[in-house]
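No value in this document is a laboratory result; all are computed from the given coordinates. Source: prediction; values computed, not measured. Cβ placement follows ideal geometry from the backbone for every residue including glycine, while neighbour counts extend to all protein chains displayed.
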Amino acid sequence: MQITIKKAGAFTTLQDHGRFMHGHLGMPVSGFMDAEAAHLANKMVGNQPGQGLIEITWTGMSFDIDVDCSVAVAGAEFECWVNNKQVQTNQVIHLKQGDCFKMGQLQQGVRGYLAVAGGFAVTAVAGSQSTLTVADLGGYQGRALQAGDQLPLKQPHRVPDFNKPAWKKIQTPSILVVRAQPGPEISLFDPHTIKQAFGQAYHLTNDCNRQGFRLNSEPLKYPENFNMQSSGLLPGSLQVTPDGQTILAMIDAQTTGGYPRILVINQDQLHKLAQARPEQSIYFFVEV
Amino acid sequence: MTDDLIIDKVVANGDCALTLVFKETSSRLAAIHQLCDGLLKHPLPNLCNVIPAKSDITLVFDREIQQLDTLIESVTQFISELEGVCWHPVLHEIEVCYDPEVAVDIQAVSQHLSVSVEELINRHSQSVYQVSMLGFLPGFAYLDGNDTLLQIPRKATPNLHVAAGSVAIAGQQTGIYALASPGGWHVIGRTPKTLLDWHQQQPMLYKPLDQVRFKPISLAAFSAYM
């Protein structure tokens with residue numbers, strides 16, 4: 001009862017709802033980058049929303065399965081094949097013992113989620129199956145999946161058909177608007193800089209991973225004589241570095257940080273960033 | 001106990017978290033860690049993480065904070081009911097190699113502070129530090145007690161890769177990176193010691209309020225250790 005990875009893709013990890021009540025030890029929460037998509041994939045195969053599944057980033061994966069089992073894909077849109085026959089991803093995919101499942105070209109979004117009915121039989125670390133690669137912790141041997149890895153399945157089974165609503169398909173609009181709150185250090189910035197921060201476009205750079213996204217924008221004016229003590233950092237915090245650029249903390253973010261946070265995006269908006277692409281203009285929007 | 005934790009400010013930290021900043025009192029740090037302990041044992045409803053820091057504590061909830069007044073009232077109540085706990089700080093001696101080969105920023109720091117490398121090493125290894133908090137990433141320790149001559153602001157642009165075991169300074173603090181990670185502090189040394197072992201019941205070498213002293217070792221000793 002397992003799947004054997006044939007091609008792993010650029011960065012494919014096991015993730016679940018995340019690791020909580022360990023922040024005091026410096027433990028990032030981790031878990032799904034796009035929780036909405038992950039919940040949908042799990043729902044399609046009858047799993048609990050927070051159950052462990054596979055997160056695929058930018059490039060697809062392929063695997064063989066040695067048991068009959070239903071799977072579902074949500075989030076980023078990839079072309080998918082079973083035994084070289086293309087299948088639709090808007091419904092549950094029923095695999096049979098010996099089938100080969102393959103993901104090809106990425107069409108929309110960045111991160112795809114593959115849930116298997118019954119989940120994976122992988123030991124939880126600190127209450128979670130999520131992989132935290134920076135700490136070699138959780139998931140499958142604490143690392144991204146590689147060709148040849150054998151992931152044991154917990155309770156593989158076949159589930160009834162379930163269609164993904166068409167409106168849940170990932171889109172890539174040219175402008176991405178994300179709701180946010182003023183950050184803990186907002187009072188250190190001058191009014192002009194605050195206006196700029198909430199009015200200007202930001203773009204992803206090449207330094208974007210589960211820990212954080214380095215963004216590119218017109219530089220923000222860094223507060224003068226600033227030297228703060230590190231304190232609790234939430235995913236979604238926009239930290240301004242002394243060069244005026246920003247780092248948006250993501251789900252594997254460190255638990256504490258010392259750069260001033262001009263804004264923090266609402267936690268229910270984090271999933272949008274998980275599918276953001278470099279060509280999109282990101283705006284942070286605050287309701288006042 | 002309540003005298004040690006007086007809320008100075010309540011700062012919103014996104015829509016699901018609060019940071020409570022406390023007034024400076026003699027035992028504020030110990031009291032913050034004690035509050036953290038208490039909240040972990042008896043969590044408030046919907047609390048999903050507690051992050052203690054030097055002068056504040058961040059409470060993270062699994063949903064949007066709706067009734068701030070009620071929440072602050074329950075936290076205040078919680079603080080007033082905290083019982084005294086005895087802390088038993090342990091002094092850890094950690095071997096550090098200050099050779100520029102592994103201490104990538106030591107020469108730049110020495111120039112910036114106009115202190116010779118030798119003097120820098122002496123001053124850094126003579127202080128006894130206190131672990132004020134764990135954070136950043138698993139195993140990272142924030143140590144208080146940098147010599148007044150060794151205070152330098154964080155880097156303008158953080159490095160994408162800081163080696164595991166790096167000992168770095170910023171402001172009044174020294175930090176120990178148990179894991180390789182990005183980082184914005186100035187690396188002035190590196191320890192060969194394993195600081196984090198998930199197979200141990202207590203995975204981290206140190207806990208908050210413990211003390212640390214650094215013992216300089218040569219590059220040869222460092223390499224032999226590795």
Based on the mean of other Cβ atoms within 10 Å per residue, sort peptides A:56-63, A:32-39 so the most packed one is first. A:32-39, A:56-63
Using only the alpha carbons of the protein assembly as shown, what is the convex hull's orientation-averaged projected area in square nanometres? 24.5
Can you tell me how region B:48-108 classifies by the Cα gyration tensor, rounded, prolate or oblate, using a/c under 1.5 as the rounded cut? oblate
DSSP loop (so not H, G, I, E, B), at most 16 other Cβ within 10 Å: list which chymotrypsin sites (Phe, Trp or Tyr not before Pro) in region A:164-268 pass both filters. A:226
In debye, nearest 20: dipole of the protein assembly as shown around its Cα centre with unit charges on the Cβ of K, R (+) and D, E (-)? 1200
Compute the separation of the alpha-carbon centres of region B:150-226 and region B:46-93 and state it in Å as a whole number. 27
Aspartates and glutamates whose Cα lies under 17 Å from that of residue A:221, excluding same-chain neighbours fewer than 8 positions away: A:185, A:190, A:243
Computed over chain A: relative contact order in percent, which uses C-alpha pairs under 8 Å that are six or more apart: 21
Residue-wise, which Karplus ³J(HN,Hα) couplings in Hz belong to region A:39-47, taking 6.51 cos²θ - 1.76 cosθ + 1.60, θ = phi - 60°, and x for glycine or proline? 4, 5, 4, 5, 4, 4, 9, x, 7
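How high is the FRET efficiency between residue B:46 and residue A:108 when r is their beta carbon distance and R₀ equals 41 Å, given to the nearest 0.05?
With a Förster radius of 41 Å, E is 0.75.
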When Cβ neighbours within 10 Å are restricted to other protein chains, what is their mean count per residue of peptide A:237-243? 3
Over the Cα atoms of region B:91-225 the radius of gyration and the largest Cα-Cα distance (Dmax), both in Å, equal 13.6, 44
Straight-distance crosslink candidates among lysines, where the alpha carbon sits under 19 Å from residue B:54 and sequence neighbours closer than 8 are dropped: B:9, B:23, B:207
Per DSSP, the loop-located GluC sites (Glu not before Pro) within region B:1-78 having at most 10 other beta carbons within 10 Å are B:24
Report the net charge of residues surrounding residue A:10, where surrounding means a beta-carbon distance below 14 angstrom and charges are Lys +1, Arg +1, Asp -1, Glu -1. +3
Most mobile listed residue (A:268, A:207, A:64) in chain A, GNM with C-alpha springs under 10 Å: A:207
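What's the exposure ranking of A:262, A:65, A:93, going from fewest to most Cβ atoms within 10 Å?
By the 10 Å Cβ count, ascending: A:93, A:65, A:262.
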Given a cut-off of under 8 Å on Cα pairs at least six residues apart, what relative contact order in percent is computed for region A:2-168? 31
Counting only helical runs of four or more DSSP H residues, what would the 222 nm mean residue ellipticity of chain A come to if each run contributes -39,500 (n - 2.57) and the total is spread over all its residues? -2000 deg cm²/dmol
Kindly provide log₁₀ I(q)/I(0) values, in the same order as q = 0.14, 0.21 Å⁻¹, from the Debye equation applied to equal alpha-carbon scatterers of region A:175-286. -0.48, -1.17
If contacts are Cα pairs under 8 angstrom and at least 6 residues apart, what is the relative contact order of region B:91-225 in percent? 36
Under 16 Å from a label point 7 Å along Cα→Cβ of residue A:283: give me every residue in region A:200-214 with its amide N that close. A:200-203
Highest-fluctuation residue, B:87, B:185, B:198 considered, GNM on chain B with Cα pairs under 10 Å: B:198
Helix-only estimate, please: 222 nm mean residue ellipticity of chain B, summing -39500 (n - 2.57) across DSSP H runs of length 4 or more and dividing by its residues, to the nearest 500. -7000 deg cm²/dmol
Between A:47, A:227, A:163, find the one with the highest GNM mean-square fluctuation for chain A; connect C-alpha pairs within less than 10 Å. A:227
To the nearest 0.05, how large is the calculated FRET efficiency for residue B:76 and residue A:84 if R₀ is 56 Å and r is the Cβ-Cβ distance? 0.30
For region A:273-287, take each phi angle, set θ = phi - 60°, evaluate the Karplus expression 6.51 cos²θ - 1.76 cosθ + 1.60, and give the result in whole Hz per residue in order, putting x for glycine and proline. 5, 4, 10, 6, 10, x, 7, 7, 8, 9, 10, 9, 10, 10, 8
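Net charge around residue A:146, counting only other residues with Cβ within less than 11 Å of its Cβ (Lys, Arg = +1; Asp, Glu = -1)?
+2
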Give me the inter-chain shielding for A:254-266: mean count of other chain Cβ atoms within 10 Å, whole number please. 5
Straight-line reach from residue A:102: which lysines have a Cα under 26 Å away, not including same-chain ones fewer than 8 places off? A:6, A:7, A:43, A:85, A:154, A:164, A:168, A:169, A:272
With labels modelled as points extended 7 Å from the Cα through the Cβ direction, what inter-label distance (nm, one decimal) is found for residue B:10 paired with residue A:100? 6.0
Residues whose placed amide H lies under 5 Å from that of residue B:189, excluding near-sequence neighbours: B:167
Show the residues, 5+ positions off or on another chain, whose built amide H is closer than 5 Å to the amide H of residue A:91. A:164
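Can you work out the FRET efficiency for the pair residue A:221 and residue A:150, with r the C-beta to C-beta distance and R0 = 45 Å, to the nearest 0.05?
Efficiency at R0 = 45 Å is approximately 0.25.
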What are the residues whose amide H is under 5 Å from the amide H of residue B:8, where those residues sit 5 or more places off or on another chain and H is modelled from the backbone? B:21, B:22, B:23
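Assigning unit charges at the beta carbon (Lys, Arg +1; Asp, Glu -1) and nothing else, what dipole magnitude in debye, to the nearest 20, does region A:132-176 show about its Cα centre? Write out the running numbers ahead of the final one.
On the way: 6 positive and 3 negative charges, 50 e Å.
Roughly 240 debye for region A:132-176.
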Around residue B:126, what is the net charge, scoring Lys/Arg as +1 and Asp/Glu as -1 over all other residues with Cβ under 14 Å from its Cβ? -1
Average partner chain C-beta neighbours within 10 Å, per residue of A:41-50? 0
